[in-house]
4 protein chains.
Amino acid sequence: MKPVCLVVGAGAGIGGHVARRFAREGYHAVLCRRSDQAGLDALVAQIKESGGQASGFLLNAVEPDAIEDTVGRVEAEVGPIEVALYNLGAQIGDRSLANTSYKAFELGWRMGTLGLFRLASALFPRMEERGRGTLLVTSATSAVRGNAGQHSHASAMGGRRMLCQSLNAEFAAKGVHVAHVIIDGAVDAPDTLGKMLGPEAFAKLRETRGMEHDGLMLPEKIADSYYHLAQQHRSAWTHEMDLRAFSDLAWWNH
Amino acid sequence: MKPVCLVVGAGAGIGGHVARRFAREGYHAVLCRRSDQAGLDALVAQIKESGGQASGFLLNAVEPDAIEDTVGRVEAEVGPIEVALYNLGAQIGDRSLANTSYKAFELGWRMGTLGLFRLASALFPRMEERGRGTLLVTSATSAVRGNAGQHSHASAMGGRRMLCQSLNAEFAAKGVHVAHVIIDGAVDAPDTLGKMLGPEAFAKLRETRGMEHDGLMLPEKIADSYYHLAQQHRSAWTHEMDLRAFSDLAWWNH
Amino acid sequence: MKPVCLVVGAGAGIGGHVARRFAREGYHAVLCRRSDQAGLDALVAQIKESGGQASGFLLNAVEPDAIEDTVGRVEAEVGPIEVALYNLGAQIGDRSLANTSYKAFELGWRMGTLGLFRLASALFPRMEERGRGTLLVTSATSAVRGNAGQHSHASAMGGRRMLCQSLNAEFAAKGVHVAHVIIDGAVDAPDTLGKMLGPEAFAKLRETRGMEHDGLMLPEKIADSYYHLAQQHRSAWTHEMDLRAFSDLAWWNH
Amino acid sequence: MKPVCLVVGAGAGIGGHVARRFAREGYHAVLCRRSDQAGLDALVAQIKESGGQASGFLLNAVEPDAIEDTVGRVEAEVGPIEVALYNLGAQIGDRSLANTSYKAFELGWRMGTLGLFRLASALFPRMEERGRGTLLVTSATSAVRGNAGQHSHASAMGGRRMLCQSLNAEFAAKGVHVAHVIIDGAVDAPDTLGKMLGPEAFAKLRETRGMEHDGLMLPEKIADSYYHLAQQHRSAWTHEMDLRAFSDLAWWNH
């Protein structure tokens, strides 16, 4: 039986490419996304056509029991989850304080922080019992500095980062590896960045930065580092790494 | 009319001493706490007996509209809030992941992060209109590193810290000063540390560390730095400072 | 006998204003600068005319024994040094790697890091014996992030910051307080910024940002926070604080 | 012709294993160390016996021109350096301020900071011209926090870290990748840790932590991450990552 890699937040960006990469390396990839059954099926089919194993689940991470039930179902129906990726973002675009409703602020936390806590609560007792497991967490620049317009996102991601540290402090010695990855730049992802910018602006951005200059972060290249993190020997684990395009300035240089 | 200093979370520790200190310096101190009307009245009376002005409100910060209504009432009945202190903690003691319920995790966020967001949402439009104001935020070591047992607290405080940065980024140039204060040690506070430890252990800790060695942080001395922060000229504002007892190691040296 | 405040790097900016402020509060201010005896005498005279006590020493901090001898002389001739400020910068302007000579890089370290180490080596045994003392250290954004063109400055300031931490770790419990102050913005200082920009550009900058908008950091206001740090009770010491003008973005928001 | 990987500081720990790993992957490994020609020859021979290419140079990094000449010679005699590893430590053991001589403090800087600056100065113009290259930098916990007894080491490593950031800020967009790796734990390295502890204590440490529990960081596993960093696609480069054994606490949790 193949080891299982569960991806929470699997679209056309990082999540989908991580699923594909782990499938290629011999994992059974379980892809979860909130909506778009057709898109999900296509991703799963694509992996299978390349000779990999994959399954897909629709999963609305803010619904009660959704994450917990999916973990249970995957463990029962597919197999023990060896690697999980929490890849849900909480970006709602730049909004002033006056334009950030309590509801938007809370949703940011539910996606950004609570969802990760729920995934760990459901998954870590199982990993602890097996004495092994990896939780990869996609994070953002907002986890390390709060910019104007980012009240919801920054507080959610700041919470996410500290949660990764507290989880690591409790579980690393039990064989469970938590890795917090700071994506410090724009990712070439049609589902998220593409939708946020609109098709024209995204096409233009891709043209000027993405193709010749690699100025957009290519999700299949990001997936290389995720795969590496999951393969690190336990005598040399990374808790945090940052990633950005070579042509971009690091957040502390902006 | 005296300038108003609003303290959200005014007990026998930092909050109460900050209220007292600002009252001594000519502010009208408004003390808010969740319960214990008698204790609140005593604090207010104490300030008045010393020749200061003070008012007290019971305020349950996790109830809908409680923070917002209090801000409105204070501005209407007492006067424009020049300085506010958000002094609510979110510490629930060391708890493993298995012993941290979703409810406890959410409560941590409501006290630690959302309450501050609500206070800023209610208060900053007024301060912005007046072109001035200060928001002091008591924070904790957990805002900068997540320890085992601190899942709820660390994620709440990590969110608090990033929120302070995003608020500062939007409002500093409008004359509103946000200062994030990292209390990196045990405070000699009967209401919080005293209750957590129990009377005997607290008395013993006080004896061994608090009196001769100043090993517990004295809240009236912490209040000195809070007062200083609120008096900084706008050409030289502090966004973040840490505080700890001289005899204690900084969190990064533990 | 008045307590002594030693200022290493006392010009028309932060250093001179800190000296003035401490003299006003009852310290004997000892001002040290590399050159310009006339300017030094004028600063000393100015303090005396205001009713304060002050002395001046020329001190080239990169010369062997210069710092050590000055500490010895001040302690012997003026009195025990209660507060010292290390206020020497190491900024050499933006220079590419190709334009940063080994000599320039080393000079940055001698001013930025070694000088502080030498001051602490000469001073801390005395402070430790007395069980009290404060070392204030002016630092810069470069201590927390390295920008292009800042190879010499950033590595010197990064070293300065870590040295402050290691000094604090050894000496705080012995009653010696080390405070690292991150000056995160342009200071309205004719001697340094003025010389770097030239008189015309400096006058223009002052006009557009300094006067009406307080957009330049006013050194006499910075001195308020330095004074506060030196007065903190030992139960609540600050190891690090940042300072910037309200109208400026924090370094992490640029 | 094989791409060249230059290792400055190649003993039986991280440096030697990185050389071996890159040789195995098709690089010509150039190993440099300060002394022990026999040990160096043995490492080179070992790599060759395994079918790899390797050369060895004795290199005293604190001698004038030693680093610069070696870079020139390697480029002329072996080939263009594609990857360089700066692996010189600056740890001199725990020493109080009183026991840290100026000479020791300066040597720390020469090994810890200046040597890296010299390597970059010699190497980066060549890499910039070729539009590609990687500089891996081994660093330590002391780069991010200063402990008691670490005055020399912490200030040297703090300078190293900021220098990596300023180098990255100037050179990343030119295709030169700088990666700063925080080794946050004890490495199973006979040459350094072994010598520091003495043979008996090292054997005991290995036994209790190293073998069954992987509690010592295994240098060949660390080398996996170094190799990964050097292979990252330029659309997703890491500037900083940390590494520690699973059973160890992160520095911020100690």
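Condition first: outside any helix (DSSP H, G or I) and without any contact (Cβ under 8 Å) to a residue 40 or more places away in the chain. Now tell me which residues in the stretch A:57-76 satisfy that. A:57, A:58, A:60, A:63, A:64, A:65 - these are the residues of the stretch A:57-76 that are outside any helix (DSSP H, G or I) and without any contact (Cβ under 8 Å) to a residue 40 or more places away in the chain.
Yes or no: the stretch A:153-165 includes at least one residue that is surrounded by fewer than 24 Cβ atoms within 10 Å (Cβ to Cβ), in contact with a helix residue (DSSP H, G or I) (Cβ under 6 Å, 6 or more places away or on another chain) and not aromatic (Phe, Trp, Tyr).
Taking the stretch A:153-165 as the starting set, the residues that turn out to be surrounded by fewer than 24 Cβ atoms within 10 Å (Cβ to Cβ) are none.
No, the stretch A:153-165 contains no residue that is surrounded by fewer than 24 Cβ atoms within 10 Å (Cβ to Cβ), in contact with a helix residue (DSSP H, G or I) (Cβ under 6 Å, 6 or more places away or on another chain) and not aromatic (Phe, Trp, Tyr).
Just to be sure, is residue D:9 at pLDDT 95 or above and surrounded by 22 or more Cβ atoms within 10 Å (Cβ to Cβ)? It would help to see each step written out before you state the result.
On the way: at pLDDT 95 or above: yes; surrounded by 22 or more Cβ atoms within 10 Å (Cβ to Cβ): yes.
Answer is yes for this residue.
Considering A:146, A:79, the condition of being touching a Cys at 6+ places or on another chain (Cβ under 8 Å) and assigned to a loop (DSSP other than H, G, I, E, B) is satisfied by A:146 alone. Taken over the stretch A:6-33, the criterion of being within 19 Å of residue A:123 (Cβ to Cβ) and either part of a helix (DSSP H, G or I) or basic (Lys, Arg) (or both) is satisfied by A:15, A:18, A:19, A:22, A:33.
Restricting attention to the stretch B:225-245 and to residues that are outside any loop (DSSP other than H, G, I, E, B) and within 7 Å of another protein chain (Cβ to nearest Cβ), the residue that is nearest to residue C:221 (Cα to Cα) turns out to be B:237. Can you work out which of the residues in the stretch A:115-130 that are farther than 20 Å from residue A:19 by Cα and in contact with a helix residue (DSSP H, G or I) (Cβ under 7 Å, 6 or more places away or on another chain) is farthest from the other protein chains (Cβ to nearest Cβ)? Only one residue fits best here, namely A:126.
If you go through the stretch D:82-107 one residue at a time, how many are touching a residue at least 24 places away in the same chain (Cβ under 8 Å), farther than 18 Å from residue D:135 by Cα and not in a loop (DSSP other than H, G, I, E, B)? It would help to see each step written out before you state the result.
Of the stretch D:82-107, the ones touching a residue at least 24 places away in the same chain (Cβ under 8 Å) are D:82-97, D:100, D:104-105, D:107.
Keeping just the survivors that are farther than 18 Å from residue D:135 by Cα gives D:90-97, D:100, D:104-105, D:107.
Now restrict to residues that are not in a loop (DSSP other than H, G, I, E, B): D:95, D:97, D:104-105, D:107.
So the count comes out to 5.
Every residue in the stretch C:219-237 that is under 17 Å from residue B:233 (Cβ atoms), surrounded by fewer than 24 Cβ atoms within 10 Å (Cβ to Cβ) and touching a Lys or Arg at 6+ places or on another chain (Cβ under 8 Å), please. Correct list: C:220, C:223, C:224, C:227.
Quick check: anything in the stretch C:37-52 within 14 Å of chain D (Cβ to nearest Cβ), touching a residue at least 12 places away in the same chain (Cβ under 8 Å) and either surrounded by 15 or more Cβ atoms within 10 Å (Cβ to Cβ) or not hydrophobic (A, V, I, L, M, F, W, C) (or both)? Let's see the steps before the verdict.
Within the stretch C:37-52, the first condition is being within 14 Å of chain D (Cβ to nearest Cβ), and the residues that meet it are none.
No, the stretch C:37-52 contains no residue that is within 14 Å of chain D (Cβ to nearest Cβ), touching a residue at least 12 places away in the same chain (Cβ under 8 Å) and either surrounded by 15 or more Cβ atoms within 10 Å (Cβ to Cβ) or not hydrophobic (A, V, I, L, M, F, W, C) (or both).
Looking only at the stretch A:138-145, decide whether some residue is under 21 Å from residue A:229 (Cβ atoms), at the interface with chain B (Cβ under 10 Å from one of its Cβ atoms) and touching a residue at least 60 places away in the same chain (Cβ under 8 Å). Yes - at least one qualifying residue is present in the stretch A:138-145.
So which residues in the stretch C:24-36 are buried (at least 21 other Cβ atoms within 10 Å of the Cβ) and farther than 17 Å from residue C:229 by Cβ?
Looking only at the stretch C:24-36, we keep the residues that are buried (at least 21 other Cβ atoms within 10 Å of the Cβ), and these are C:27-33.
Scanning the stretch C:24-36 gives C:28, C:30, C:31, C:32, C:33.
Looking at the stretch D:194-207, can you tell me whether even one residue there is crowded, with 21+ Cβ neighbours inside 10 Å, away from chain B (no Cβ under 14 Å) and modelled with pLDDT under 95?
Start the filter on the stretch D:194-207 by keeping residues that are crowded, with 21+ Cβ neighbours inside 10 Å, which leaves none.
No - not one qualifying residue is present in the stretch D:194-207.
Identify, please: which residue in the stretch D:148-178 is without any contact (Cβ under 8 Å) to a residue 12 or more places away in the chain and under 16 Å from residue C:108 (Cα atoms) and is, among those, farthest from the chain's Cα centre (by Cα)? So that I can check it myself, show each step before the final result.
Our first condition is that a residue be without any contact (Cβ under 8 Å) to a residue 12 or more places away in the chain; within the stretch D:148-178, this holds for D:162, D:166, D:169-170, D:173.
Filter again for under 16 Å from residue C:108 (Cα atoms), leaving D:162, D:166.
Values: D:162: 16, D:166: 18 Å.
Filtering the stretch D:148-178 for residues that are without any contact (Cβ under 8 Å) to a residue 12 or more places away in the chain and under 16 Å from residue C:108 (Cα atoms), the one farthest from the chain's Cα centre (by Cα) comes out as D:166.
Inspection of the stretch A:188-211 finds a residue satisfying the criterion of being touching a residue at least 24 places away in the same chain (Cβ under 8 Å), in contact with a Lys or Arg (Cβ under 7 Å, 6 or more places away or on another chain) and of a type outside the set (Ser, Thr, Tyr). In contact with an Asp or Glu (Cβ under 7 Å, 6 or more places away or on another chain) and either in a helix (DSSP H, G or I) or more than 9 Å from chain A (Cβ to nearest Cβ) (or both): is that true of residue B:110 in this structure? Against the criterion (in contact with an Asp or Glu (Cβ under 7 Å, 6 or more places away or on another chain) and either in a helix (DSSP H, G or I) or more than 9 Å from chain A (Cβ to nearest Cβ) (or both)), residue B:110 does not qualify. Taken together, the residues in the stretch B:35-55 that are within 20 Å of the chain's Cα centre (by Cα) and among the hydroxyl-bearing types (Ser, Thr, Tyr) amount to 2.
The values are calculated or read from the model by the stated rules, or taken from the named source; none is laboratory data. Keep in mind that what you see is a predicted model, and the values were worked out from it rather than measured. FYI the Cβ positions are ideal-geometry reconstructions off the backbone, even for glycines, and counts take in every protein chain you see.
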